[in-house]
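Each value in this text was obtained by applying a stated rule to the coordinates, not by laboratory testing. None of the values given here were measured: they were computed from a predicted structure. Here the Cβ positions follow ideal geometry from the backbone for every residue, glycine too, while neighbour counts run over all protein chains shown.
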Amino acid sequence: MSLEDFSYIRPDLLRHTIASTLKDSSAFDSEKVLTEALFSEKQRLNREGFSWLTFLRLKRDRSLWQAVRSDLLSSDPLIDFRARLEQVVSHFANEICGNFSETVYRLTTKSLPLGFNFLLNAASVKTILPWKFQEAVSDRIEMQGEIARLRKLSKLGTVLLVPTHQSHMDSVLIGYIVYLLGLPPVAYGAGLNLFSNPFLGFFMNNLGAYTVDRKKTGELYKRTLKNYSIELLRQRVHSLFFPGGGRSRSGAIESKLKLGLLGTALSAEIKNYQEQRNQPQVFIVPMVTSYHFVLEAGSLIEDYLSEAGRHRFIITNDEASQLSKVVKFFWHLFKSRSRMTVRIGSPMDVFGNIVDDHGKAIGPNGTTIDPKLWVTSCGVLGPDAKRDREYVRILGEKIVDRFYKEHPVLSSSLVAYAYFESLRKKHPTLELYALLRLTQSQRVVERTYVLQILERIMLKINRSYEQGLIQKSVTLVGQSPTQVLESGIEELGLFHGVSVVKVRDDYLTSEDLSLLYYYRNRLSGYDLSSHRELIQISPGVIDAQGFLA
Amino acid sequence: MPKDFWRKSRVVVLGGGSFGSVLAQLASERCREVMIYVRDEAQARSMNSTRSSLDHQSNLVLGPNIITVSDPNRILEQRFEAMLWCLPAGACREAARVFARAFRGDEILIHATKGLEENSIKRISEVLREEIPCPRIGVLSGPNLASELALGEPAATVVASHFPEVVDAGIELFHHSKFRVYRGTDVVGVEWAGALKNIYAIASGALHGFGYGMNAKSFMVTRSLAEMAKFAVSRGAQERTFMGLAGFGDLMATCLSPASRNFTVGYRLGLGEKLPQILESMSQVAEGVRTTAIVVKEARATGVSMPIACAVQDLIDGKADSKEGLVSLLNRAPISFDH
């Protein structure tokens, strides 16, 4: 069963999701579960501001929770709380459950590249060339890694793609890559706020997206969401999660993952074994995207630096929500010679063991893993909450490890890192925030000095590359530090309207150090900084001075 | 869990030393069969015929459902439900590669090795995880002097794992009226505590050899606890683990008992003997000698202050001022501390 059969499986998906959630809740008193859900939902609804785009949805929510409140306050002993709970779970499940329209999918996958190709050729300098030399969007995407294995595994089980997340453009890019690879469309969870936009919402609703409302923090909603994901995977619908939970605020590769949804892969596989289904395995496929410029970089780094990210988890009105900026983004992307790089990482089983072309997980010393036995405890095959939580924690660690190892380094990240490092060396006593406030004259660094640092960093990167600890974009292969410096300066943050790094005579300077810091952070966690020797911290964790190591 | 699951199970014990034999005997009372693996064929034959462990001085009598083998294929060919790993730290990587194929995936693996891998400074559970396709790994550690256990004296230990079923298995197999098994989850802390305490047992033994009394030893043991906790916490352990059996408990037993191998090494060093001569005369491995070198090197590289461990290393290296090195800790400038 695939997403293309969605309308056929949709009723079953909903039915199983509701039944599983009610079963999970049966250990608790229905009245208590409703009270807890009402409490968190009332808080959410009180925080919601008015918008014509969300008006109808919020009206429906308020009406439901008013009815729940009346029931809970009523003294009538005959009130059926179980039925009300079922109504609430059904409400959640219907909101989560997306649609999939094959017509819209075919139309979009055919028209989108055409539209993109038109934009690309309108923007590209190659417009002047004869038609046959015109470019295609796919030429601007560099795909690396285990592409063949991914294709094979998609026929042997259910694929769960787990990419790094930098931009809302990731969904568009990955959706397009899935199409280019000839894979069936994937289901993916997208923020409910994106569905509020009528244009985006129409496509999302019809392209296999299901809604994830991160403002709903109640247990009942989370349980429904997880069960929906489990059912999708069990129906062999290839899926996609961004395991980091949201876009990387700092620009660094995710080092901490949200394990809740990730655990649904193991739960689905265990259920498949219990029911002795065909092709029961779920394959976890990490993906790492690398961009020379990120549409929302300005908002994200501002959020990270103001530490608002801790309180304001969802940025609702950033660059991705403004159509003009999205069009401008693609215009700049196509106008430049810039390429996006995507690497398909080594597929793993639900325990984090690498899987071969035949879907067999390979353990240490060439042993073959029998996943059924890994979920068998004292001779009984089945779920075990505590054991499975540990498996998911280990899987999370393995995914992070793969993210770092599969990351294709771009020249722009290297230049941002080297230039930022040169500023740190010039001002060694300054903390992060003081460094980001350097005056224009303090930001000026000799080109040769940056080049020296870049050479040192490239040596380290090359050593790591040889050990399989990092990857390189094609544009980096065989390039000298001077060439990398030139191409990096040319590519870095083209979109932003300000120069993230610019050359003035034999000096480098920057018009926006926060953006420089954002792009530089993509290489944090690789032990590249000479300042690292003084700091004993884990990759991705903010150090005492406020820098990412 | 199905009733009598462990009663019907087979348990493998790798390593037929005194501690392995005691644990094999405890497990044999709770399962169908225990298979002990030793490298030497003659020793296997001797253990099977005399029903006693390699350590002939102990009074331990091996139960009838215990069989000792020296052929690894006997382990590889037969299904087992749990394995107890009691090999010296230096032999773990190689043995793990040999026995990796014995695992199907649903077994429980508990190790009782108090040491570290020399070059990588990896904990034993890390080594086993890298080499063996068995996710459910735990560690058993505590104040467990094998000679006292063999006599049936009361004792307690900790089994720690991130998988509760591993701890459950440890309790099912080893918990007895005179051997209490406590639960733990801090695998990192328990393993570091077990490895580090051997260093301080050498220090304590040396003080005994120098002829010092309980004041000096208590001072040394207390500061040793702070030193080992500080080092282990910097590597991800939980400090409170060091207040328990695997930390303070094991440190007390090994630092104050002449039966401890590492204490004996320290004691003889304190008397002026040279290390090669001491090791040559010992039938069992004193992990503390290796561990001291590993930890001191790492502490120096990472800038962690470990004055006692460094003094022990000087003592092992036969430096002339080793006695002064240990005693000079008393003469340092007054410092304030709250533990």
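Within 10 Å of each Cβ in peptide A:346-355, how many partner chain Cβ atoms are there on average? Round it to a whole number, please.
Mean shielding by partner chains, rounded to a whole number: 1.
Would you list which aspartates and glutamates come within 14 Å of A:Lys425, measuring only between C-alpha atoms, while excluding same-chain residues fewer than 8 positions from it?
Cα-Cα hits under 14 Å: A:Glu446, A:Glu533.
If N is the number of residues in segment A:133-183, what value comes out of its Cα radius of gyration divided by 2.2 N^0.38 Å?
Its radius of gyration relative to the 2.2 N^0.38 Å reference: 1.26.
Nearest 0.05, what FRET efficiency do A:Arg463 and B:Glu118 give at R0 = 35 Å with Cβ-Cβ as r?
Rounded to the nearest 0.05, the efficiency is 0.90.
Please list A:241-248, B:70-77, B:242-249 highest first by mean number of surrounding beta-carbon atoms within 10 Å per residue.
B:242-249, A:241-248, B:70-77
Filter A:Lys460/B:Lys122; A:Lys271/A:Lys472; A:Lys386/B:Lys178; B:Lys274/B:Lys297; A:Lys386/B:Lys230 down to the pairs with a C-alpha to C-alpha distance above 32 Å, please.
A:Lys271/A:Lys472, as the Cα separations exceed 32 Å there.
Provide a whole-number value for the mean count of partner chain Cβ atoms within 10 Å of the Cβ atoms in peptide B:121-133.
2
Under the definition of Cα pairs under 8 Å and six or more residues apart, what whole-number percent is the relative contact order of segment A:438-538?
The normalised contact order for segment A:438-538 reaches 31 percent.
Obtain the nm distance between the two label points defined at B:Asp40 and B:Met214 by a simple spin-label model: each point lies 7 Å from its Cα along the Cα-to-C-beta direction.
3.9 nm
Could you compute the FRET efficiency for A:Asp401 and A:Leu73, with r as their C-beta to C-beta distance and R0 at 45 Å, rounded to 0.05?
0.30
If you count, for every residue in B:101-114, the Cβ atoms of partner chains within 10 Å of its Cβ, what is the mean?
Partner Cβ neighbours, averaged per residue: 3.
May I ask you to order A:228-235, B:148-155 by the average number of other C-beta atoms within 10 Å around their residues, highest value first?
The peptides rank, most packed first, as A:228-235, B:148-155.
Would you kindly state how much longer the chain becomes between A:Arg393 and A:Glu275 on full extension, computed as 0.36 nm times their sequence separation minus their alpha carbon distance, in nm to one decimal?
40.0 nm
Using 1/(1 + (r/R0)^6) with R0 = 22 angstrom and r between the beta carbons of A:Glu219 and A:Gln87, what's the FRET efficiency to the nearest 0.05?
Approximately 0.80, to the nearest 0.05.
If you filter segment A:41-70 for chymotrypsin sites (Phe, Trp or Tyr not before Pro), then keep DSSP loop positions with at most 16 other Cβ within 10 Å, what is left?
A:Phe50, A:Trp52
Work the Kirkwood hydrodynamic radius out for chain B: mean of 1/r over every pair of different alpha-carbon atoms, inverted, in Å.
After inverting the mean inverse Cα-Cα distance, the result is 20.3 Å.
Could you check the spin-label model distance between A:Ala434 and A:Arg60? Points 7 Å from the Cα along Cα→Cβ, value in nm.
A separation of 5.5 nm, rounded to one decimal place.
At 222 nm, what helix-only mean residue ellipticity would chain B give, in deg cm²/dmol to the nearest 500, using -39500 (n - 2.57) for each DSSP H run of four or more?
-14000 deg cm²/dmol
Evaluate the relative contact order of chain B (contact order divided by residue number), counting alpha-carbon pairs under 8 angstrom at least 6 apart; express in whole percent.
Worked out over chain B, it gives 14 percent.
How long are the semi-axes of the ellipsoid equivalent to segment B:28-184, from square roots of 5 times the Cα gyration tensor eigenvalues, in whole Å, largest first?
Result for segment B:28-184: semi-axes of 23, 20, 16 Å.
If you count, for each residue, the other Cβ atoms within 10 Å and average over each peptide, how do B:187-197, A:173-183, A:508-518 line up from highest to lowest?
Sorting B:187-197, A:173-183, A:508-518 by mean packing, highest first, produces B:187-197, A:508-518, A:173-183.
Work the Kirkwood hydrodynamic radius out for segment A:437-524: mean of 1/r over every pair of different alpha-carbon atoms, inverted, in Å.
In segment A:437-524 this quantity evaluates to 14.1 Å.
Can you compute the modelled spin-label distance between A:Val474 and B:Arg180, with each label point 7 Å from Cα toward Cβ, in nm?
Result for the modelled spin labels: 6.8 nm.
Tell me, what is the percent relative contact order of segment B:10-185, built from C-alpha pairs under 8 Å that lie six or more residues apart?
Worked out over segment B:10-185, it gives 20 percent.
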